[in-house]
1. Which of the numbered conditions does residue 170 fail, given that it passes all the others? Conditions: (1) closer than 30 Å to residue 10 by Cβ; (2) buried (at least 22 other Cβ atoms within 10 Å of the Cβ).
2. From the set of residues in the range 255-281 that are open to solvent by 20 Å² or more (accessible area, probe 1.4 Å) and modelled with pLDDT under 85, which is farthest from residue 74 (Cα to Cα)?
3. Taking residue 85 as the residue in question, decide whether it is closer than 30 Å to residue 220 by Cβ, of a type in the set (Ser, Thr, Tyr), out of contact with any Pro (no Cβ under 6 Å at 6 or more places or on another chain) and in contact (Cβ under 8 Å) with a residue 40 or more places away in the chain.
4. Yes or no: residue 175 of a type in the set (A, V, I, L, M), open to solvent by 10 Å² or more (accessible area, probe 1.4 Å), modelled with pLDDT of 95 or more and more than 28 Å from residue 101 (Cβ to Cβ)?
5. Can you name the helices (runs of 4 or more DSSP H) wholly within the range 157-254 that have at least 1 residues being among the polar types (S, T, N, Q)?
6. Confirm whether residue 105 is surrounded by fewer than 14 Cβ atoms within 10 Å (Cβ to Cβ), out of contact with any strand residue (DSSP E or B) (no Cβ under 7 Å at 6 or more places or on another chain), in a loop (DSSP other than H, G, I, E, B) and hydrophobic (A, V, I, L, M, F, W, C).
7. Do we have residue 186 as in contact (Cβ under 8 Å) with a residue 40 or more places away in the chain, closer than 17 Å to residue 136 by Cα and surrounded by 18 or more Cβ atoms within 10 Å (Cβ to Cβ) here?
8. For the range 115-129, check the following and say yes or no: at least one residue is under 20 Å from residue 194 (Cα atoms) and surrounded by 13 or more Cβ atoms within 10 Å (Cβ to Cβ).
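The values are calculated or read from the model by the stated rules, or taken from the named source; none is laboratory data. Because the structure is a prediction, the values reported are computed rather than measured. Here the Cβ positions follow ideal geometry from the backbone for every residue, glycine too, while neighbour counts run over all protein chains shown. Each accessible area value is taken on the protein alone, full model and side chains, heavy atoms only, with ligands, DNA and RNA left out. Shrake-Rupley method; radii C 1.70, N 1.55, O 1.52, S 1.80 Å.
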Amino acid sequence: MFNLSNLVRRPVPVRLGLFVILLLLIWLPLAIPIYWLGGDPNWVSIITLVLLYCQFLVLLQWWGKSVYGQPRMWRVCGLEISRRSGEGLLIGLGLGWVGVLGIFAIATWLGWLRWEPFPANFPIILMESLLVSLGIGFAEELLFRGWLLEELRRDYSPVKSLWVSSVIFALLHFIKPWEEIVRTWLQFPGLLLLGIILVWAKDATRTPNNPHGSLGLAIGLHGGLVGAYYIINVGELTTNLGTVPPWLTGIDGNPLAGLLGLLGLGAIAIIIRQLNPPSTKPDHNRD
């Protein structure tokens, strides 16, 4: 019988590939009938994605126990409920909001855009933004700065793990038609820098008792950036005056796809970098 604990000695690409294959094997038998039944394509996509992520959470816990002998794999990946994690979440949300609003405020001051009145349904948009920001922040951080980063760190140095995870994070956001990839390629540097910042955000929460760090700050920061932009975009709160090219303000109004957004992320990077404690190498045999 195949002993999963032997996977510890296998290279990280093999472990990552096997994990993804297992996840697809338990997801597809349920997802395919949902697609066949049809219905509203948006709801079908939402249901199948939620199902996929729920199965990812279960598989992650089982994987940690079966492969690494870790009974608390979620915690190793940075998912914990604590006061410190909650404070990090709130700080991250605030920093993300201030960062996005600061970028748009500078663009307004430079005469590149103007602000519009709040729409009548603004309270609903505000509530939606909170749900979207926390949902995306939680899902992507546990996936990229949790599972993926910790797997990479078992084989690679901290610096190599940071770069590999950040490149994968940026590339996976470009799973779309080639024409869209060419049109929006300026998003890549911003996504790459964001991935690096979010690794630093997780590492900033490391302590001697928790050398892996917590995802609270990273989830908050990621969610704050997404949520603030969601409000401005969905609420149509700004109008681009067309006085400068999109590579300055951002393709499709997305600040990550423009020079001004990169400068804003650079400022956030400096702040997050200052929070990092002295190096504490994670011990994957703990917990």
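1. Unmet for residue 170, out of (1) closer than 30 Å to residue 10 by Cβ; (2) buried (at least 22 other Cβ atoms within 10 Å of the Cβ): (2).
2. 256
3. Here the answer is yes, as residue 85 does meet what is asked.
4. no
5. 158-172, 187-203, 216-234, 246-249
6. Answer is no for this residue.
7. When the stated conditions are applied, residue 186 does not pass them.
8. yes
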